[in-house]
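Asker: Input: one structure, supplied below.
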Amino acid sequence: MSAWRRYALACLGSALASGSSSALTLDNPNFKVDGVIIVWAADQSGTAPVVADFIVGNDQSAPDLIGIDARAVVTGTLDPTEDATAAGGMPFVITDTTSGDINTDTNGDGRITEADSFTPLGLQGITDARVDASRQYSSFYVASNTAFNIDAVSTPPGTFLDFILLNIIRMNLSSTVNGSDGGVDFGNSAQAAHTGGPDTGFAAETTLWNLRFAQTLFTGNQRTAASPGSIADQSVRFDAEYAISAASLTGYDLSLGTFDFTVEVTYTAYAP
């Protein structure tokens, strides 16, 4: 056998030997999608719509990746509540006119401003002006890929008058699955955050005084995103209704003058 042929066979034998003893390379790609809860309304400057809470995780300790809090908007609009309140006051109910009880919030935006108007009122001896049963409505929006709860806590300003007012202001939380506010459509690809429907999972009506300690106002059991779509498409609106019962508890009338009362209510959405 020639030297060249012996050399070629040796190389072939070496290659076969090294191939039979080589190790396999293992690869384990892992993909995980955590729970995501996105809350949007207005930001602290009053700009809306803005995502101000982005919560990632599957439990109550999940972090919010955005370091500011959202501001609620006036229900049915994208007007921040703080700005809207400054532009108008609590509506009155004019009771026992010749046409019955008249609510001065004729356009239904939860405040009395120059945008409201009504016809002359027939006055009787018992006609009165009250804020009893007047209501204000505010909202924020949630899109999620997981079930979530919502807690609320009020921050009392701290005076005796505040104690009275916190006791006579009732609040109730509800949800609206789809609609259009301020030119932004929401809920086209959404479902109620509870399998029982949009009216299920909510705590009973309470007072702001009771909310001085955090309470769970909503307990959900499914994601809001029902089908592919944008964040707005997959969002559900949560609506807070605040009602004052001053007439029944304190006999409020015009003799008590004016007051400017503000209480902060903080809502927290989280994966349970």
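The values are calculated or read from the model by the stated rules, or taken from the named source; none is laboratory data. Being a predicted model, the structure only gives us computed values, none of them experimental. Virtual Cβ from ideal backbone geometry, glycine too; neighbours counted across all protein chains shown.
Asker: Confirm whether T216 is surrounded by fewer than 16 Cβ atoms within 10 Å (Cβ to Cβ) and within 15 Å of the chain's Cα centre (by Cα).
Answerer: Details: surrounded by fewer than 16 Cβ atoms within 10 Å (Cβ to Cβ): yes; within 15 Å of the chain's Cα centre (by Cα): yes.
Yes, satisfied.
Asker: In contact (Cβ under 8 Å) with a residue 12 or more places away in the chain and more than 16 Å from the chain's Cα centre (by Cα): does that describe P198?
Answerer: Against the criterion (in contact (Cβ under 8 Å) with a residue 12 or more places away in the chain and more than 16 Å from the chain's Cα centre (by Cα)), P198 does not qualify.
Asker: Ok, one more. So which residues in segment 106-136 are outside any loop (DSSP other than H, G, I, E, B), surrounded by fewer than 21 Cβ atoms within 10 Å (Cβ to Cβ) and in contact (Cβ under 8 Å) with a residue 40 or more places away in the chain?
Answerer: So in segment 106-136, the residues outside any loop (DSSP other than H, G, I, E, B) come out as 112, 128-130, 135-136.
Adding the requirement that they be surrounded by fewer than 21 Cβ atoms within 10 Å (Cβ to Cβ) leaves 112, 128-130, 135.
Correct list: D128, A129, R130, R135.
Asker: Okay, moving on. Scan segment 88-105 residue by residue and report those that are part of a loop (DSSP other than H, G, I, E, B), without any contact (Cβ under 8 Å) to a residue 60 or more places away in the chain and closer than 22 Å to F259 by Cα. Let's see the steps before the verdict.
Answerer: Initially, segment 88-105 is screened for residues part of a loop (DSSP other than H, G, I, E, B), giving 88, 90-92, 98-99, 104-105.
Retained after the next criterion (residues that are without any contact (Cβ under 8 Å) to a residue 60 or more places away in the chain): 88, 91-92, 98-99, 104-105.
G88, P91, F92, T104, D105 - these are the residues of segment 88-105 that are part of a loop (DSSP other than H, G, I, E, B), without any contact (Cβ under 8 Å) to a residue 60 or more places away in the chain and closer than 22 Å to F259 by Cα.
Asker: Another question, then. Need pairs with beta-carbon distance below 8 Å; first residue touching a residue at least 12 places away in the same chain (Cβ under 8 Å) and within segment 221-243, second surrounded by 16 or more Cβ atoms within 10 Å (Cβ to Cβ) and of a type in the set (K, R); sequence gap 6+ or separate chains.
Answerer: E241/R135; Y242/R135; Y242/R170; A243/R135; A243/R170
Asker: Within segment 233-255, how many residues turn out to be in a loop (DSSP other than H, G, I, E, B), surrounded by fewer than 20 Cβ atoms within 10 Å (Cβ to Cβ) and modelled with pLDDT of 75 or more?
Answerer: So the count comes out to 1.
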